Amino acid sequence: MEPTPTAAPDGRQSIAIAIITCRRPDLLAKLLASLQSQELEPATAAAYDVRVVIVDNDAAGSAAEVIAEASKDARYPIESAVEAEPGIPFARERSVQLAWNDDALIFVDDDEEAPPGWLQALLACWQQTKADVVTGPIKGILPEGAPAWNYHSDVHNSVGKHQTGDELDKAYTNNTLVVQKVYHQVTPGFDPAFRFTGSSDLHFFLRVHQAGFRIVWCEEAVITEQVPASRTTLAWLRRRAFRSGSGDTISRLLIGSPPGSYLRVVAFASARLASSVVYLLGGLVLARKPWLLKGFRRFFSGIGSLAGIVGINHDEYRTVHGTVGGDGVPGRVDGGDPTRPA
């Protein structure tokens with residue numbers, strides 16, 4: 001596709017908020033309600049036309065009823081499409097095509113909710129920094145009865161990890177604005193190799209950074225995420241750490257050149273494993289639970305990083321989670337997230 005200018009004759013820019021979803025109508029409805037409730041300051045509202053684009057990754061189009069209801073008297077118009085090919089990269093790529101002619105798109109996940117002021121903060125940061133990519137933190141909302149370790153770990157909460165304006169070398173599609181020239185130049189965006197493992201967004205944004213685009217953090221643009229019970233177990237944390245490490249390695253090998261890329265990922269994995277020992281020992285000696293959990297994560301992340309060298313990863317998203325039910329069968333709730341990055 002050829003880039004098409006989208007600024008209206010009055011100079012307003014078009015912003016698409018992109019969502020991919022799969023058989024999670026209740027969560028999608030809450031997200032859409034929170035997006036439609038976003039209020040912009042007068043100067044910002046005068047500068048942008050905001051709309052919502054939804055890709056339903058269920059061939060049956062099960063999100064249609066929720067989308068139709070949310071479209072009634074919507075402050076921000078909604079466009080939707082069905083992507084019948086199962087897999088996160090296909091749905092993400094379809095969302096990019098829907099937003100191809102917008103000046104920027106904002107990726108959010110269908111298990112999130114946007115607090116008041118979120119959109120204003122994200123757009124204001126983009127205006128001020130002139131960055132190519134602006135990404136913000138996720139604040140996880142833990143379920144009642146979550147094991148105590150969750151309150152000592154930052155695995156569900158990235159608030160405070162960076163300061164506004166900090167430049168990063170990567171981002172994810174859970175709370176991120178991307179300008180048009182980025183997704184026109186770094187294309188195709190999402191590699192089908194990550195169909196069920198996750199990390200297609202990490203791979204995309206590593207390529208974005210490699211291409212010379214600026215990625216900045218916006219601490220004020222916090223979005224919340226409902227954490228399902230099955231993502232509050234140490235077994236899930238171990239699998240997630242392994243998958244994140246493996247996905248990182250595979251992503252970097254795909255964009256790098258041997259033998260340098262292999263040496264770098266081995267060095268990174270070794271550093272993760274060494275630092276895990278330091279955190280675990282420090283946590284034991286000083287009784288610091290956050291250190292113990294960080295050491296736990298880094299150990300399995302390091303193992304995953306090494307496994308990724310030979311292409312081993314965990315197919316976390318082969319099963320669609322977070323819908324209706326409770327036993328991990330496709331279409332049942334067990335707390336995974338088909339739109340969640342590594």
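The values are calculated or read from the model by the stated rules, or taken from the named source; none is laboratory data. Given the structure is predicted, the values throughout are model-derived calculations rather than measurements. Using ideal geometry, Cβ is built from the backbone for each residue, glycine included, and neighbour counts are taken over all protein chains shown. For the accessible areas, the whole protein counts, side chains as well, though only heavy atoms, and no ligand, DNA or RNA atoms are used. Shrake-Rupley method; radii C 1.70, N 1.55, O 1.52, S 1.80 Å.
Considering only protein heavy atoms and a probe of 1.4 Å, how much of the accessible area of the range 173-257 is carbon and sulfur, as a whole percent?
In the range 173-257, the share of accessible area belonging to carbon and sulfur is 55 percent.
Past 25 Å, Cα to Cα, is the threshold; run 30/289; 30/72; 139/294; 139/181; 30/294 against it and keep the listed order.
30/289; 139/181; 30/294
Which whole-number percent is the relative contact order of the range 1-153 (Cα, under 8 Å, 6+ apart)?
Dividing the mean separation by the residue count of the range 1-153 yields 33 percent.
Counting Lys and Arg as +1 and Asp and Glu as -1, what is the net charge of the other residues whose Cβ lies under 12 Å from the Cβ of residue 89?
-2
If contacts are Cα pairs under 8 angstrom and at least 6 residues apart, what is the relative contact order of the range 113-197 in percent? Don't jump to the answer; show the numbers that get you there.
Values: 44 pairs, mean separation 28.9, N = 85.
Once normalised by length, the contact order is 34 percent.
Using a 1.4 Å probe, what is the accessible area per residue for the chain, in Å²?
Value returned for the chain: 43 Å² of accessible area per residue.
Before anything else, pin down the relative contact order of the chain: Cα pairs under 8 Å, at least 6 apart, normalised by residue count, whole percent.
The value is 18 percent.
Taking the Cα centre of the range 179-227 as the origin, how large is its charge dipole in debye, to the nearest 20, when only Lys and Arg (+1) and Asp and Glu (-1) carry charge on their Cβ atoms?
Roughly 300 debye for the range 179-227.
Largest first, please: the extent of the C-alpha atoms of the chain along each principal axis, to the nearest Å.
Here the Cα extents, ordered largest to smallest, are 62, 45, 37 Å.
If a cysteine in the chain has no other Cys Cβ under 4.7 Å from its own Cβ, put it on the list, ordered by number.
Cysteines of the chain left without a disulfide-compatible partner: 22.
Please work out, to two decimal places, the log10 of the ratio I(q)/I(0) at q = 0.15, 0.16, 0.23 Å⁻¹ from a Debye calculation in which every Cα of the range 1-116 carries one identical scatterer.
-0.65, -0.74, -1.35
State, in angstrom, two size descriptors of the range 91-189 derived from its alpha carbons: Rg to one decimal place and Dmax to the nearest whole number.
My reading of the Cα-based Rg and Dmax gives 15.2, 46 Å.
So what's Rg/Rh here for the range 160-201, counting alpha carbon atoms and using the Kirkwood radius for Rh?
Numbers: Rg = 12.6 Å, Rh = 12.4 Å.
Result for the range 160-201 is an Rg/Rh of 1.01.
For the chain, find the longest principal axis of its Cα atoms and tell me its angle to the long axis of helix 234-255, 0 to 90°, nearest 10.
70
Determine which residues of the range 14-28 fall in the zone a paramagnetic label at residue 72 would reach in this model, i.e. backbone nitrogen under 20 Å from the point 7 Å along Cα→Cβ.
Residues passing the 20 Å test: 25-28.
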